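K.L.:
Quick one: structure below, then a few questions.
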């Protein structure tokens, strides 16, 4: 998360929010936010959300599927990711992650499926 500059900025009863700076470190060659960086932000916040909302020590969490629909380009500033649970099962969790710009305009809509199990 340090590589992408991801910072966690808010936690509520059923959401967590992080932000990521949009700089040349996360640009495609033509100077806009790379979809892979966006997906990495989404998977990062979704995986952290599993720990935050489950509060079980000794978990192993893995993202097992992620989809990302990119609808708007961003060249600079910050993007914000808000992870909200869709399903919180004992083993499988399903998350919606909305990525927005500084004006709260939708940039990407991601869905993440995570798997958790106790560490061996």
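K.L.:
If you scan segment 89-99, which residues turn out to be within 18 Å of residue 15 (Cα to Cα), in contact with a strand residue (DSSP E or B) (Cβ under 7 Å, 6 or more places away or on another chain) and assigned to a loop (DSSP other than H, G, I, E, B)?
P.N.:
Selection gives nothing.
K.L.:
Now for a separate question. Could you check segment 82-99 and list, in sequence order, the residues that are closer than 18 Å to residue 5 by Cβ and buried (at least 20 other Cβ atoms within 10 Å of the Cβ)?
P.N.:
Hits for segment 82-99 are 83, 97, 99.
K.L.:
Name the one entry in 57, 29 that is assigned to a loop (DSSP other than H, G, I, E, B), out of contact with any strand residue (DSSP E or B) (no Cβ under 6 Å at 6 or more places or on another chain), without any contact (Cβ under 8 Å) to a residue 24 or more places away in the chain and within 22 Å of residue 2 (Cα to Cα).
P.N.:
Being assigned to a loop (DSSP other than H, G, I, E, B), out of contact with any strand residue (DSSP E or B) (no Cβ under 6 Å at 6 or more places or on another chain), without any contact (Cβ under 8 Å) to a residue 24 or more places away in the chain and within 22 Å of residue 2 (Cα to Cα) holds for just one of 57, 29, which is 29.
K.L.:
In addition: Give the residues of segment 65-88 that are under 16 Å from residue 15 (Cα atoms) and out of contact with any helix residue (DSSP H, G or I) (no Cβ under 9 Å at 6 or more places or on another chain), sorted by residue number.
P.N.:
80, 86, 87 - these are the residues of segment 65-88 that are under 16 Å from residue 15 (Cα atoms) and out of contact with any helix residue (DSSP H, G or I) (no Cβ under 9 Å at 6 or more places or on another chain).
K.L.:
It is to be established whether one or more residues within segment 37-53 are modelled with pLDDT under 95, outside any strand (DSSP E or B), in contact with a helix residue (DSSP H, G or I) (Cβ under 9 Å, 6 or more places away or on another chain) and surrounded by 11 or more Cβ atoms within 10 Å (Cβ to Cβ).
P.N.:
No; the residues of segment 37-53 include none that is modelled with pLDDT under 95, outside any strand (DSSP E or B), in contact with a helix residue (DSSP H, G or I) (Cβ under 9 Å, 6 or more places away or on another chain) and surrounded by 11 or more Cβ atoms within 10 Å (Cβ to Cβ).
K.L.:
Which is within 23 Å of residue 5 (Cβ to Cβ), at pLDDT 95 or above and in contact with a strand residue (DSSP E or B) (Cβ under 6 Å, 6 or more places away or on another chain), of 102, 65?
P.N.:
Only one candidate qualifies: 102.
K.L.:
Determine which member of the set 79, 74 is at negative phi, modelled with pLDDT of 95 or more, crowded, with 16+ Cβ neighbours inside 10 Å and part of a strand (DSSP E or B).
P.N.:
Every option except 79 fails the conditions.
K.L.:
Now for a different question. Under the condition of being at pLDDT 95 or above and either in contact with a helix residue (DSSP H, G or I) (Cβ under 6 Å, 6 or more places away or on another chain) or in a loop (DSSP other than H, G, I, E, B) (or both), which residue from segment 105-120 is surrounded by the most Cβ atoms within 10 Å (Cβ to Cβ)?
P.N.:
Ranking the candidates gives 112 first.
K.L.:
Follow-up. So is residue 65 within 19 Å of residue 117 (Cα to Cα) and either part of a strand (DSSP E or B) or in contact (Cβ under 8 Å) with a residue 60 or more places away in the chain (or both) or not?
P.N.:
yes
The values are calculated or read from the model by the stated rules, or taken from the named source; none is laboratory data. Just so it is clear, the model here is predicted, and its values are computed rather than measured. All Cβ positions, glycine included, derive from the backbone under ideal geometry; neighbour counts span all protein chains shown.
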